[in-house]
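This report refers to the structure that appears directly beneath it.
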Amino acid sequence: MPSLKEIKNRIASVNSTRKITSAMKMVASSKLHHAQVMIENMLPYENMLEHILKTFLASLPDAQTPFSVKRKEIKCVALVVYSSNSSLCGSFNTNVIKMMQQAVADYRAAGITEITIYPIGRKAAEQVVKLGLTPAGDFSQLAERPNAQECATIARELADKFARHEFDRVDLIYHHFKSAGSQILTRRIFLPIDLSTEIGRYNDRDLSSNMVTAKAQEYLRKKRAEEQRMKAEDVKPLNDNFIIEPDMNTILETLIPKELNLMVYTALLDSNASEHAARMVAMQTATDNADELLRELNLQYNKSRQQAITNELLDIMGGSVNN
């Protein structure tokens, strides 16, 4: 049985750890709120641009672009993988790496060996080196500080290589931020542009709360469903009868790069928010475990202390009887 001093030292150690996890949880919560604001500010632009481009390409048979044509034979592929630079965020990085490995295995099983990885985040970059794959560069800084201009550079490079047939397909692997308590691991086709997905499929986000309890999530889900129902009754559908000026090629050359840039940037914001949410949950769990351990240690300390007092009293009484 451990001595009182050993138990007391362990209580002090657990208390110190609890302070750290509690502080990290609050920091992650603050960063999550900032990430949610960034997504919320970007959403109106994303929704309208996606709607215009997809309805334009789908409704006009003459609207042809090389970025929406699927290649008959796929020889070279690229994967844009979003992870974090640091750990202590649960299974966030592990899940991303597993999906990346699965995607690589699927392509190799199909006879595709030329696979290039764009690792956004240090954890993904380290795994790419371990697997002996080809990294396209160092993009670790984007995982900490999302930047639309650097995302546009990556999207432009991917589009240029796709147009030159250096890549036949490009996939995005990231966590889609649905709410503070739910981040969905997603593998999404980046190029060619997938017109089969419904408009707004990836816009089911709850950006109003940092709460992760089941009761809070259920309340927010019902509230969001009611708000969407009311909006559906009030909002008129957008007119999709387009008048093209000056010509179709000019419109496509303008819209498609913007949509591709936005897809890379949106995935980065989703991954960033998901990382902070996962870290917040992990640190909250660690804090709760520390609280439970402290209760057990305090109970053990009090029992040991009481036992020590009882033994001293028995020694005193035994000495008195002998005298």
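Points worth noting:
- Less than 5 angstrom separates the built amide H of residue 190 from those of 170, 171, 172, all sequence-distant by 5 or more or on a different chain.
- Largest first, the residues 18, 71 sort by 1.4 Å accessible area into 18, 71.
- Computed accessible area, residue 92, all protein chains, 1.4 angstrom probe, square angstrom: 10
- Extension gain from residue 22 to residue 3, taking 0.36 nm per residue of separation minus the Cα-Cα distance: 4.0 nm
- Cβ-Cβ FRET estimate between residue 55 and residue 87, R0 fixed at 41 Å, reported to 0.05: 0.45
- Under Karplus coefficients 6.51, -1.76 and 1.60, residue-wise ³J(HN,Hα) of region 4-17 in Hz, glycine/proline x: 4, 5, 5, 5, 5, 5, 5, 4, 5, 5, 5, 4, 5, 5
- Once the Cβ-Cβ distance of residue 13 and residue 307 is raised to the sixth power relative to R0 = 22 Å, the FRET efficiency obtained is 0.45.
- Residues whose amide H lies under 5 Å from that of residue 117, counting only those 5 or more places away or on a different chain, are 79, 134, 136; hydrogens are built 1.01 Å from N in the peptide plane.
- ³J(HN,Hα), Karplus 6.51/-1.76/1.60, whole Hz, each residue of region 259-268, x for Gly, Pro: 5, 5, 4, 5, 5, 5, 5, 5, 4, 5
- Shape class for region 1-143, computed from the alpha carbon gyration tensor (a ≥ b ≥ c): oblate, with a/c not under 1.5 and a/b at or below b/c.
- Mean separation of Cα pairs under 8 Å and 6 or more residues apart, divided by the residue count, gives region 49-182 a relative contact order of 33 percent.
- Surface exposure of region 251-318, expressed per residue as accessible area with a 1.4 Å probe, stands at 49 Å².
- Contact order normalised by residue count of region 7-121, Cα under 8 Å, 6+ apart, percent: 26
- Rolled with a 1.4 Å probe across the full set of protein chains, the surface gives residue 314 an accessible area near 100 Å².
- Extension reserve of the residue 133-residue 108 stretch, reckoned as 0.36 nm per residue once the Cα distance is removed: 7.8 nm
- The label-point distance for residue 295 and residue 157, in a model that sets each label 7 Å from Cα toward Cβ, rounds to 5.2 nm.
- Heavy-atom accessible surface of residue 157, to the nearest 10 Å², is about 60 Å², with a 1.4 Å probe and all protein chains retained.
- Average accessible surface area per residue within region 25-113, 1.4 Å rolling probe, Å²: 52
The values are calculated or read from the model by the stated rules, or taken from the named source; none is laboratory data. What you see is a predicted model; the values in this text were computed from it and never measured. Here the Cβ is made from the backbone with ideal geometry for all residues, glycine too, and neighbour counts use every protein chain on show. The area values use the complete protein model at the heavy-atom level, side chains included, leaving out ligands, DNA and RNA. Shrake-Rupley method; radii C 1.70, N 1.55, O 1.52, S 1.80 Å.
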